[in-house]
Amino acid sequence: MYKKIILVSILSIFWLPAVVQAANMYIILDKNEVAQNGTFSGTVYISTGGVAINNAEGTIHFPADLLSVDSINSSGSIFNIWVEQPTFSNTNGTVYFNGGLPTPGYSGQNGNSLRINFRAKKAGTAKISFGSSAVRADDGSGTDVLSQTRDSSVTVTSLVPTPSVPISPTITAPTVLPNTNQSGLPGTPVITSEDMPDQNSWYNEIKGNFTWELSSGVNAVQLVLSQSPNSVPTVAYDPPIKNKILTNLPEGISYINARFRNNIGWGNVASRKIKVDVTSPKNIVVETSITDDDLIAVDASADDSLSGIKSYSVYINGGKIAEAAADTNGSAKFNLPPLSSGGQKLEIKAYDRAGNYASAEVVVNVPELQVPKITHYPQSIKVGSVVDIRGKSPYLDGEIILWFQEDGEDAKSYIVKPDEDKIFSYTSDSINNVGVLNIWAETSRGEESKSSIASEKVYVRVKESAVIDLGTNAIQIISMVITVALLLFFLVFIVHIGLKKVHFLRRKLKRDIVNTEKEVHKVFKLLKSDTRRHMLMLQKASTKRKLTKEESKILAELSENLDEAEAYLSQKVKVIKEPD
């Protein structure tokens, strides 16, 4: 009974400093026993007792023959201003620190000030104690409110230490791992968190609620927040609790370790990783250049010492236009989509794996669009045919928009992609209108650019189809042949009638024979001239295309008939002139 009263009294002193209204400074070790050449850590904590403080300094002594300091870590400290950077001397066995923070200062319990990483040199009991120290209030006068310091000790053994489990551990008496082979011990806690659901992901929060289910028979829980997954829990909760809200989590990787106790003893320790990064990336550097396709190339880099750089995003007028993952060095090289020509202001954001970001602005000058060119197209086609187009694109990426406009129709557009040699080609649908087909090409630089530029127009003559053209020519030839035939028939008829009449009246009309001969020759001359003109039309047609057999036959017969008609008329005139 007396032991319980004494224990409660001691815990009241340690856990209710606010009643005293004075600050305490103490060092908590993550191990109370360590093998020779092994390592352990000690964290310097400050509890302000309800007083706001803005500075603390202290000298910590350790036996230099038993221990040495490997390093000092101030990450996650309540102090962000160091009057002097923490230092240590393994020769003198001392660690010195002097840190501060601006108004309104710090007020709270178990404020993490400094972490010291020790190494055990040889067997023995090493006492780690405070020398000259002070904790100063944020009252404008720097009043020293430090009321007491608490020392710690560690046992260095030449063998692996045998675990021991105190029944009622306290913050000043850390315990070690239990004997996991003992049956009947409680199960290992399963620690979860809705605030930080994935223990392997980084978060930019310094507060988290961690929960676990209590198994049957558990009568106490022990917890510790440490930078080592192997740290033994030191803070006991009896009766047991099901969750713990941790505030002011340190940046970097830390662990919440927990274990259960039942009537037999303490069970295995569960360790849950916590990865916190609330610091934005630094030293962001952005360089830009112009590619052969007139795209903007970005080369970005930044520094982030905790979670590392994850990605980069590029914005114009608040809208994201590109995103690229960072490589293992935290850098990224990527091309932006096509942009409108002229000066463009870019904002590049560098994101770390916790979601923090830093940004930089650059102004780039986007070149004017280059013009595509149509290089191959037909001069003329028959109606109903297709048109094959080829051309040269100024860009490998992007699109070419081809425009086709027939006579009397609206222009129609077709999108084509250039090949690896920047050559584009396209075969149109059937062209249905006789006349002139207008064709031109535009360079499109994508949705972001909102711009395009057109090439010069080319023109293709669209003629009647071959069947219709042949029919028209045939009709013309037939019409011409009929005309010539009628003329020949009329000529023969006139000559025949004339000759009969002349023969009948030659005695009577002998005096007029000379005049009649002249008139006949005049008529024949006109007829001959007209016939020759039609024959010439056929001959000209033969120079442009090959005459059909029928056309060639007609031409030969006309020439022969003309000669025969002339000979016939000459003979008849001669007969008329001769006397009976």
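None of the figures in this text is laboratory data; all of them are computed from the coordinates on show. Given the structure is predicted, the values throughout are model-derived calculations rather than measurements. Positions of Cβ are generated from backbone atoms using ideal geometry, with glycine treated the same way; all protein chains shown enter the neighbour counts.
Could you state the number of Å between the C-alpha centres of segment 215-277 and segment 336-409?
Using only Cα atoms, the two centres lie 60 Å from each other.
For Ala123 and Thr291 in the same chain, what is the full-extension length gain: residue separation times 0.36 nm, less their Cα-Cα distance, in nm?
So the extension gain works out to 53.8 nm.
Between Asp195 and Ser465, what is the label-to-label distance in nm when each label sits 7 Å out along the Cα-to-Cβ direction?
8.1
Go through segment 86-153 and name the trypsin sites (Lys or Arg not before Pro) that are in a DSSP coil and have 14 or fewer other Cβ atoms within 10 Å of their Cβ.
Sparse-neighbourhood loop trypsin sites (Lys or Arg not before Pro): Lys122.
Given a Förster distance of 60 Å, report the FRET efficiency between Asn365 and Glu564 from their Cβ-Cβ distance, rounded to the nearest 0.05. Before the final figure, lay out the partial values.
On the way: r = 88 Å, r/R0 = 1.46.
Calculated transfer efficiency: 0.10.
Please compute the modelled spin-label separation between Lys207 and Ile241, points set 7 Å along Cα→Cβ, answer in nm with one decimal.
Using points 7 Å along Cα→Cβ, the separation is 1.5 nm.
Sort the following peptides by mean Cβ neighbour count (other Cβ atoms within 10 Å, averaged over residues), highest first: 197-210, 262-275.
On the way: 197-210: 14.9, 262-275: 18.6.
Per-residue Cβ counts within 10 Å, averaged per peptide and sorted highest first, yield 262-275, 197-210.
Given segment 373-463, what count of lysine pairs have C-alpha atoms under 24 Å apart, with each pair 8 or more places apart or on different chains?
Lysine pairs satisfying the spacing and distance rule in segment 373-463 number 22.
Starting from 0.36 nm per residue, how many nanometres of slack lie between Val386 and Ile494 once their C-alpha separation is accounted for?
Here the answer is 33.3 nm.
So which GluC sites (Glu not before Pro) in segment 279-383 pass both tests, a DSSP loop state and at most 15 other Cβ atoms within 10 Å of the Cβ?
Answer in residue order: Glu368.
Taking 0.36 nm per residue of separation and subtracting the Cα-Cα distance, what length does fully extending Ser425 through Ser311 add?
So the extension gain works out to 37.2 nm.
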